[in-house]
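Every read-out reported here was derived from the displayed coordinates using simple, explicitly stated rules and does not represent laboratory data. A quick note: this is a predicted structure, and the numbers were derived from the prediction, not measured. Cβ: placed from backbone, ideal geometry, glycine included. Neighbour counts: every protein chain shown.
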Amino acid sequence: MIGKIATNPYNAQTSKPYKIEEEPRRRENGVCPITQLRERQATMRERMRQMAKEMEAAREAARAQAEYFRLMRIAMEIAARIIRGDNVPQSDKDFLLEHSPGMFKLAMAARNHNNEDPKDYEALAREGDDNSPAAAVVATATVASTPAVAEAAAE
């Protein structure tokens with residue numbers, strides 16, 4: 001029926017003929033609208049894939065950041081205990097020294113030696129905190145962020 005005169009099936013009473021177009025409509029630039037739509041869909045699919053990758057990377061960054069903040073909260077609590085002059089387990093001191101050497105130095109310098117009633121604390125840092133991959137990232141980031149420690153680590 002392409003290129004021929006056909007009867008309009010929706011207007012059977014009048015039987016007005018109409019011409020079926022041989023080619024799909026083209027825009028002024030000569031590109032078929034269907035082709036443009038397919039190209040746009042392909043572009044949008046690619047954008048969606050890229051956005052999904054970016055979202056996954058953001059999730060991983062958020063997880064690492066949350067782990068970093070958890071470890072820093074533990075380190076700050078240990079430092080506060082040292083500053084108050086309380087008895088802190090050696091494992092906690094080692095944890096603080098490993099994860100935040102600057103904070104450890106400040107806590108030791110600001111330690112209250114005149115505490116008449118020092119509290120004894122259980123270890124705050126857990127066994128798995130030092131061996132976790134996030135702890136290694138935090139330790140690396142902490143070491144790299146302190147110039148003096150970075151120089152000492154390089155030697």
TODO: Any chance you could count how many residues in the range 100-128 are among the small types (Gly, Ala, Ser), more than 11 Å from GLY85 (Cβ to Cβ) and assigned to a helix (DSSP H, G or I)?
DONE: 3
Task: Filtered residues of the range 81-117 (kept if closer than 17 Å to LEU71 by Cβ and of a type in the set (S, T, N, Q)) - done: SER91, SER100
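Residues are listed down the side, and each one gets a yes or a no for (1) acidic (Asp, Glu); (2) touching a residue at least 24 places away in the same chain (Cβ under 8 Å); (3) surrounded by 11 or more Cβ atoms within 10 Å (Cβ to Cβ); (4) in contact with a strand residue (DSSP E or B) (Cβ under 8 Å, 6 or more places away or on another chain):
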{"site": "ARG40", "(1), (2), (3), (4)": "no, no, no, no"}
{"site": "MET48", "(1), (2), (3), (4)": "no, no, no, no"}
{"site": "GLU67", "(1), (2), (3), (4)": "yes, yes, yes, no"}
{"site": "LYS93", "(1), (2), (3), (4)": "no, no, yes, no"}
